[in-house]
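Read the structure below first, then the notes.
The values are calculated or read from the model by the stated rules, or taken from the named source; none is laboratory data. The structure displayed is predicted, hence computed values, not measured ones. Backbone-built Cβ (ideal geometry, glycine too); neighbour counts: all protein chains shown. Surface areas here come from the heavy atoms of the whole protein model, side chains and all, with no ligands, DNA or RNA. Shrake-Rupley method; radii C 1.70, N 1.55, O 1.52, S 1.80 Å.
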Amino acid sequence: MATTKKPTAKKATVKKASSAKVTTAPSKKAAATIECGKWVAFHDFMPGKTPTLTVTGYCKTPTPGYKIKLVETLPGINPKILMLKKIVTKPTKPQIQVITTVEVRFTKKTKFPYTHVTILPDGKTIKVKKVQ
(Lines give C-alpha, C1' and ligand atoms only; values in the text may rest on other atoms or scores of the structure.)
Protein backbone atom coordinates (compact mmCIF):
# COMPACT_ATOMS: atom_id res chain seq x y z
CA MET A 1 0.00 0.00 0.00
CA ALA A 2 1.46 3.35 -1.03
CA THR A 3 1.33 6.28 1.35
CA THR A 4 1.20 9.90 0.30
CA LYS A 5 2.80 12.73 2.14
CA LYS A 6 0.86 15.89 2.86
CA PRO A 7 2.50 19.03 1.47
CA THR A 8 4.14 21.12 4.15
CA ALA A 9 5.24 24.74 4.17
CA LYS A 10 8.78 25.13 2.89
CA LYS A 11 11.32 26.25 5.42
CA ALA A 12 14.16 28.56 4.56
CA THR A 13 17.64 27.53 5.62
CA VAL A 14 20.13 30.31 6.28
CA LYS A 15 23.86 29.71 6.64
CA LYS A 16 25.66 31.88 9.13
CA ALA A 17 29.34 32.77 8.93
CA SER A 18 30.14 30.09 11.53
CA SER A 19 28.67 27.40 9.20
CA ALA A 20 25.86 26.70 11.67
CA LYS A 21 22.43 26.26 10.11
CA VAL A 22 19.44 28.24 11.30
CA THR A 23 15.97 27.22 10.17
CA THR A 24 13.23 29.84 10.00
CA ALA A 25 9.55 29.66 9.17
CA PRO A 26 8.38 31.24 5.91
CA SER A 27 7.92 34.96 6.33
CA LYS A 28 4.47 36.48 6.00
CA LYS A 29 3.82 40.20 5.79
CA ALA A 30 1.79 41.23 8.79
CA ALA A 31 0.37 44.55 7.70
CA ALA A 32 -1.39 46.55 10.39
CA THR A 33 -4.93 46.98 9.17
CA ILE A 34 -7.35 49.52 10.50
CA GLU A 35 -10.99 48.74 9.93
CA CYS A 36 -13.52 51.55 10.29
CA GLY A 37 -17.29 51.47 10.32
CA LYS A 38 -20.52 52.45 12.05
CA TRP A 39 -20.33 55.84 10.31
CA VAL A 40 -23.13 58.31 11.11
CA ALA A 41 -23.56 61.86 9.80
CA PHE A 42 -26.15 64.32 11.09
CA HIS A 43 -26.75 68.02 10.49
CA ASP A 44 -28.21 69.77 13.53
CA PHE A 45 -30.49 72.68 12.55
CA MET A 46 -32.12 73.05 15.99
CA PRO A 47 -33.14 76.66 16.74
CA GLY A 48 -31.02 78.76 19.08
CA LYS A 49 -27.59 77.62 17.88
CA THR A 50 -25.41 77.57 14.78
CA PRO A 51 -26.19 74.64 12.45
CA THR A 52 -23.53 71.95 12.90
CA LEU A 53 -22.64 68.93 10.78
CA THR A 54 -21.19 66.03 12.79
CA VAL A 55 -19.68 62.81 11.43
CA THR A 56 -18.75 59.95 13.77
CA GLY A 57 -17.43 56.44 13.32
CA TYR A 58 -15.33 53.80 15.01
CA CYS A 59 -11.99 52.31 13.93
CA LYS A 60 -10.31 49.16 15.23
CA THR A 61 -6.54 49.53 15.55
CA PRO A 62 -3.95 46.80 16.27
CA THR A 63 -2.63 48.63 19.35
CA PRO A 64 -3.61 51.56 21.58
CA GLY A 65 -2.09 54.96 20.82
CA TYR A 66 -3.32 55.47 17.25
CA LYS A 67 -4.67 58.93 16.46
CA ILE A 68 -7.34 59.06 13.76
CA LYS A 69 -8.96 62.23 12.47
CA LEU A 70 -11.09 63.35 9.56
CA VAL A 71 -10.11 66.46 7.59
CA GLU A 72 -12.04 68.21 4.84
CA THR A 73 -10.65 67.83 1.31
CA LEU A 74 -11.45 69.46 -2.00
CA PRO A 75 -15.06 68.92 -3.09
CA GLY A 76 -15.83 66.48 -5.87
CA ILE A 77 -18.26 66.95 -8.75
CA ASN A 78 -21.28 67.25 -6.46
CA PRO A 79 -20.85 70.10 -3.93
CA LYS A 80 -23.58 68.60 -1.70
CA ILE A 81 -21.29 65.66 -0.90
CA LEU A 82 -18.72 66.57 1.75
CA MET A 83 -15.39 64.84 1.12
CA LEU A 84 -13.42 63.90 4.23
CA LYS A 85 -9.99 62.28 4.33
CA LYS A 86 -9.11 59.87 7.14
CA ILE A 87 -5.67 60.63 8.60
CA VAL A 88 -4.07 57.87 10.70
CA THR A 89 -1.08 58.56 12.95
CA LYS A 90 0.71 55.54 14.41
CA PRO A 91 1.80 55.53 18.05
CA THR A 92 5.31 56.89 18.64
CA LYS A 93 6.17 54.46 21.46
CA PRO A 94 5.90 50.66 21.62
CA GLN A 95 2.42 49.51 22.60
CA ILE A 96 0.87 46.28 23.79
CA GLN A 97 -0.63 44.24 20.94
CA VAL A 98 -4.35 44.46 21.69
CA ILE A 99 -7.10 45.45 19.27
CA THR A 100 -8.44 48.84 20.35
CA THR A 101 -11.56 50.71 19.23
CA VAL A 102 -11.08 54.43 18.59
CA GLU A 103 -13.94 56.90 18.10
CA VAL A 104 -13.46 59.25 15.15
CA ARG A 105 -15.36 62.57 15.08
CA PHE A 106 -15.55 65.50 12.66
CA THR A 107 -17.56 68.67 13.36
CA LYS A 108 -18.23 71.63 11.07
CA LYS A 109 -20.43 74.66 11.72
CA THR A 110 -22.28 75.25 8.46
CA LYS A 111 -25.68 76.11 7.04
CA PHE A 112 -24.86 74.46 3.69
CA PRO A 113 -27.29 71.56 3.10
CA TYR A 114 -24.94 68.59 2.61
CA THR A 115 -26.78 65.42 1.55
CA HIS A 116 -23.94 62.90 1.88
CA VAL A 117 -20.43 62.51 3.29
CA THR A 118 -17.68 60.42 1.67
CA ILE A 119 -14.81 59.08 3.79
CA LEU A 120 -11.55 58.73 1.84
CA PRO A 121 -9.54 56.64 1.13
CA ASP A 122 -12.17 54.01 2.07
CA GLY A 123 -14.69 55.43 -0.40
CA LYS A 124 -17.54 54.91 2.07
CA THR A 125 -20.45 57.31 1.40
CA ILE A 126 -23.08 57.91 4.08
CA LYS A 127 -26.32 59.86 4.00
CA VAL A 128 -26.60 62.97 6.21
CA LYS A 129 -29.54 62.87 8.63
CA LYS A 130 -31.15 66.26 9.33
CA VAL A 131 -32.09 67.15 12.90
CA GLN A 132 -34.62 70.01 13.23
Accessible surface, 1.4 Å probe, highest first, among residues 59, 36: 36, 59
Residue 122 - accessible surface, heavy atoms, 1.4 Å probe, Å² rounded to 10: 80
Under the Karplus curve 6.51 cos²θ - 1.76 cosθ + 1.60, θ = phi - 60°, whole-Hz ³J(HN,Hα) for the range 71-87, x wherever Gly or Pro sits: 10, 6, 10, 4, x, x, 5, 9, x, 7, 9, 7, 9, 10, 9, 7, 10
Cα pair distances of the range 43-132 binned at 5 Å [whole percent]: 3, 12, 22, 20, 15, 12, 8, 5, 2, 0
Other-chain or far-sequence residues with amide H under 5 Å of residue 100's (modelled H): 61, 63
For the range 97-109, Karplus couplings with θ = phi - 60° (6.51, -1.76, 1.60), whole Hz, Gly/Pro x: 7, 9, 5, 10, 9, 10, 7, 10, 9, 10, 10, 9, 7
Those trypsin sites (Lys or Arg not before Pro) in the range 29-132 that DSSP places in a loop and that have at most 15 other beta carbons within 10 Å: 29, 49, 80, 111
Fraction of antiparallel bridges per DSSP, the range 77-132 only, in percent to nearest 5: 45
